[in-house]
Amino acid sequence: MQVSRGLRIGLTGGIGSGKSTVARMLAARGAWLIDADAISRSATSVNGSAIPAIASQFGPGFVASDGSMNRDAMRELVFSEPAARQKLEAIVHPLVSLEAAAQAEAAWKAGRSCTLFDIPLLVESGRWQQQLDLVLVIDCTEATQLHRVLEREAARALPGSGWTPEAIQRAIAGQASRASRGKAADVSIYNDGLSVQQLDLEVASVAYRFGL
């Protein structure tokens, strides 16, 4: 008899869609959150597990003085050269998969009934779907994406962050289209024009469907 490891949900959405906010709301309702982006950032942070391979593949200019990946330089490269993105993903994705699997095992052992995989590039990667029971997509217009990211960066007051309007547009263009994410969705939330309170009500509705 196969032992059930609970409901495995893949959460995705474009930059500025509000995906991270939805992830926090679902985690607050009892979902075990596995953040693929956070795992990736850890692997590419100071002396992270991906740094030696990044230095070897791309050169020392892509490693900052503190031993982390030079994110601005890498962002410019992968936006301009699709092959560079594939090389970076070939380094980082296996590391993310291993850590995500370990965290999912921990969720199962802890008796959690719902594991939420927050995966920004779920549709683009094509390798997560077989590990999931369903996909939840957070959707909004591209104009809203641009506005939210600019607003977020202004609030952070980080000069030289690299998130100019042009960079954001390139990021949107480099991600799956809204139509592609829509086709992959089992459940979706249209997060355009919603207040935080209204979004929370939408999340409460889907959380109920997930048994949370």
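Brief remarks on what is shown
- Among residues of region 170-195 being assigned to a helix (DSSP H, G or I) and at pLDDT 90 or above, the one that is nearest to residue 129 (Cα to Cα) is 184.
- Screening residue 110 on (1) surrounded by 14 or more Cβ atoms within 10 Å (Cβ to Cβ); (2) touching a residue at least 60 places away in the same chain (Cβ under 8 Å) shows it passes everything except condition (1).
- Sole exception among (1) modelled with pLDDT of 90 or more; (2) open to solvent by less than 40 Å² (accessible area, probe 1.4 Å) for residue 161, by number: (1)
- Among the candidates 43, 50, 31, the residue that is surrounded by 15 or more Cβ atoms within 10 Å (Cβ to Cβ), under 22 Å from residue 110 (Cβ atoms) and within 18 Å of the chain's Cα centre (by Cα) is uniquely 31.
- Hey, residue 55 surrounded by 19 or more Cβ atoms within 10 Å (Cβ to Cβ), out of contact with any His (no Cβ under 9 Å at 6 or more places or on another chain) and in a helix (DSSP H, G or I) or not: no
- Enumeration of residues in region 91-107 that are open to solvent by 50 Å² or more (accessible area, probe 1.4 Å), small (Gly, Ala, Ser) and under 18 Å from residue 121 (Cα atoms): 101
- The condition of being under 30 Å from residue 210 (Cα atoms), touching a strand residue (DSSP E or B) at 6+ places or on another chain (Cβ under 7 Å) and not small (Gly, Ala, Ser) does not hold for residue 95.
- Among the residues of region 35-62, those that are touching a strand residue (DSSP E or B) at 6+ places or on another chain (Cβ under 8 Å) and over 24 Å from residue 101 (Cβ atoms) comprise 55, 62.
- Qualifying residue in region 185-196 (condition: loosely packed, with under 13 Cβ neighbours inside 10 Å, in contact (Cβ under 8 Å) with a residue 60 or more places away in the chain and of a type in the set (A, V, I, L, M)): yes
- Within region 137-157, being open to solvent by less than 70 Å² (accessible area, probe 1.4 Å) and assigned to a helix (DSSP H, G or I) holds for 144, 145, 146, 148, 149, 150, 153.
- Among the residues of region 12-37, those identified as in a helix (DSSP H, G or I) and touching a residue at least 40 places away in the same chain (Cβ under 8 Å) are 19, 20, 21, 22, 23, 25, 26, 27, 36, 37.
- The selection criterion, being β-branched (Val, Ile, Thr) and open to solvent by 30 Å² or more (accessible area, probe 1.4 Å), does not hold for residue 12.
- Restricting region 113-134 to residues that are touching a residue at least 60 places away in the same chain (Cβ under 8 Å) and more than 13 Å from the chain's Cα centre (by Cα), the residue that is nearest to residue 176 (Cα to Cα): 129
The values are calculated or read from the model by the stated rules, or taken from the named source; none is laboratory data. What you are looking at is a predicted structure, and each value in this text was computed from that prediction instead of being measured. No Cβ is skipped: glycine too gets one built from the backbone with ideal geometry, and neighbour counts run over all protein chains shown. Quick note on the areas: whole protein, heavy atoms, side chains included, nothing else; ligands and nucleic acids left out. Shrake-Rupley method; radii C 1.70, N 1.55, O 1.52, S 1.80 Å.
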